Amino acid sequence: MSTARYLSILTCAASVVPLHLANAQTLLDADVDTVRIVASGQRFTPRQSVMPGGGPRHTADYDVAVTWDPAAWEAREEWVMHTIYPADTVLEFTMTYGETAGIKEGRNNYAAPGPSSAPMGAARIGVNFKDLWLTNPIILGAHADEILAPTPISWDGRPMHRRTLWAHDTEWTMIVDPGTGLPAQVITTEADPHTAQASIRVVFSSWREVSGVPFPFQVEQYVNGKLMRREIRSSIEVDPRDASIDVPDDLEDTDAAMRAWGWDRSTLLLARAGLGGPQDEPQISNVEFVEVGPDIYQVAGGSHHALAIIGPDGIAMVDAPWFPERSQVILEQLHARWPALPVRYIILTHHHIDHSGGFRSFIEAGATLVAHADTVPFFEQAVRLAGHPNTRSVSVSDSASLEGIGRRIEVFDITNPHATGYVAAYVPDTKLMFNADLFSPNRDRQFPPWLNGFLNSIRYHGIEVERHVGGHGAGYGPAPN
Ligand SMILES: [Zn+2]
């Protein structure tokens, strides 16, 4: 099919919309090898909001140039990311990757030194490819294995067509404007630590033709209705003169299951990379128990830590970093060490997904949720959305005392600018306190406003703390000077 014929279809009436998507394959086979997209945008993460369920946190502004060969599964991304939250940095990095392997050059992590050159993790390759398909709907449509017949629907009071596509073992729904034949939105679902499934919606506007192929020059992306990216494309070229991607051919193939794991969590992992702290592994092989007090362990080894408090009648866990997959391993190791002791409590310091994403595993194992009164409804809703029938909860307003493991634990409200609805857990018999993010013992990097709120709240409650343990930082340490 010629480009001219394709464009004439695009401008035709609604009845030929099926032709438009169905014939995109022919067009691309004939006319498009490589696309280069130059864009700037903003990243947000709803998972780091101040209030549980509140407005997304703006984490970075970025400039990016992507060269992509969709049929060959090869791409090169050149990034300059200005992170705002949690740290103010400029990260410059390039990712060059093929279907099974890739290389990252430069610095993409605010906490890690750079520049460096390292193989891309398997999950990151899945994430990046998913994102390219998700945000370029005509190319997605062109590579679909199957496009189902359109269903007329009303969207925001406008008549639209819903079309379901199967491409790359994934179901995608397009909301097509029958007037233009162009997809106004692409919708899909991905795995989500809190709620099991998240709804992903990408909204397209400012369509322009480039070498006869329509591209959206404005893109907004939402997860469960909350903004996570907005992007303006300043230039798009089809088959640019210098289209070389140059994936090194001596890279070791990555694990296909992990690439699929990333593909199914692209939005979650992109939001995390969009604050300059990529987190691309389920962290199931690095669970370590570090003794920080008598029968108290920091559950460490990964990027974020939990605490296990062992009592004569059971175990209390504080926090559940990132992924249910990691929590499952922690549960297995707890059972191996203390087979007679059930996990009676899962105490959650705050709602951020990096410290709470694995909490459902403990609820499903029978633990009682303990959290601030302002976050309990947020967590209970997540459990319901994930299909678990019920949650037993303890809501903490100012403080609460827990006796269920045969060893007293106190939980205190901590007022701070990092997150509202925040609690810290305290073991009086050892004068040990666990927090996440506000104070990280034995780590150089602290965030002074968060730390000040933490220390002020401890003074307010009149607690004597001899050992601080953190969701970040190593082991235990004294209060800072
Ligand atoms: Zn946090």
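What the table shows:
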| quantity | calculated |
| --- | --- |
| Filtered residues of region 43-71 (kept if open to solvent by 50 Å² or more (accessible area, probe 1.4 Å) and within 30 Å of Val247 (Cα to Cα)) | Asp61, Asp63, Ala71 |
| Pairs where the first residue, in region 308-332, is modelled with pLDDT under 95 and the second is among the aliphatic types (A, V, I, L, M), C-beta under 8 Å, 6+ apart | none |
| Scan of region 406-465 for residues that are on the phi > 0 side of the Ramachandran plot and away from the ligand (no atom under 13 Å from the Cβ), ordered by number | Gly406, Lys431, Asn442, Gly462 |
| Residues satisfying the stated conditions in region 278-294, i.e. closer than 29 Å to Thr254 by Cβ, without any contact (Cβ under 8 Å) to a residue 60 or more places away in the chain and open to solvent by 30 Å² or more (accessible area, probe 1.4 Å) | Ile284, Ser285, Asn286, Glu288 |
| Pair list, Cβ < 8 Å and 6+ apart or interchain, from region 223-245 residues that are under 17 Å from Phe204 (Cβ atoms) to residues that are in a loop (DSSP other than H, G, I, E, B) | Leu227/Pro56; Met228/Pro56; Met228/Gly274; Arg229/Gly274; Glu231/Thr135 |
| Members of region 118-145 found to be of a type in the set (Asp, Glu) and surrounded by 19 or more Cβ atoms within 10 Å (Cβ to Cβ), listed by number | Asp131 |
| The listed residue being of a type in the set (Val, Ile, Thr), at pLDDT 95 or above and touching a Ser or Thr at 6+ places or on another chain (Cβ under 9 Å), out of Thr368, Thr391 | Thr368 |
| Selection within region 192-246 - touching a Phe, Trp or Tyr at 6+ places or on another chain (Cβ under 7 Å), small (Gly, Ala, Ser) and not in a loop (DSSP other than H, G, I, E, B) | Ser206 |
| Region 242-267, residues that are polar (S, T, N, Q) and open to solvent by 40 Å² or more (accessible area, probe 1.4 Å) | Ser244 |
| Enumeration of residues in region 44-81 that are over 19 Å from Asn128 (Cα atoms) and part of a strand (DSSP E or B) | Arg57, His58 |
| Of all residues making up region 146-194, the number that are open to solvent by 60 Å² or more (accessible area, probe 1.4 Å), in contact with a Pro (Cβ under 7 Å, 6 or more places away or on another chain) and charged (D, E, K, R) | 1 |
| Matching residues in region 420-470 - criterion: being closer than 16 Å to His372 by Cα and either free of Cβ contacts under 8 Å to residues at least 12 places away in the same chain or among the basic types (Lys, Arg) (or both) | none |
| Region 341-365 - residue that is within 16 Å of the ligand (Cβ to nearest atom) and not in a helix (DSSP H, G or I) and, of those, surrounded by the fewest Cβ atoms within 10 Å (Cβ to Cβ) | His352 |
| In region 115-139, the residues that are touching a strand residue (DSSP E or B) at 6+ places or on another chain (Cβ under 6 Å), part of a loop (DSSP other than H, G, I, E, B) and more than 25 Å from Ser199 (Cβ to Cβ) | Pro115, Met120 |
| Breaking point among (1) within 30 Å of Asn390 (Cβ to Cβ); (2) touching an Asp or Glu at 6+ places or on another chain (Cβ under 7 Å); (3) open to solvent by 10 Å² or more (accessible area, probe 1.4 Å), for Asp239 | (1) |
| Every residue from region 72-114 that is more than 21 Å from the chain's Cα centre (by Cα), under 30 Å from Trp450 (Cβ atoms) and open to solvent by less than 20 Å² (accessible area, probe 1.4 Å) | Gly106 |
| Qualifying residue in region 317-338 (condition: within 16 Å of the ligand (Cβ to nearest atom), touching a strand residue (DSSP E or B) at 6+ places or on another chain (Cβ under 8 Å) and open to solvent by 10 Å² or more (accessible area, probe 1.4 Å)) | no |
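The values are calculated or read from the model by the stated rules, or taken from the named source; none is laboratory data. Keep in mind the model is a prediction, meaning the values are calculated, not measured. Cβ atoms come from the backbone with ideal geometry, glycine included; neighbour counts cover every protein chain shown. Side chains included, ligands, DNA and RNA excluded: accessible areas come from the protein's heavy atoms. Shrake-Rupley method; radii C 1.70, N 1.55, O 1.52, S 1.80 Å.
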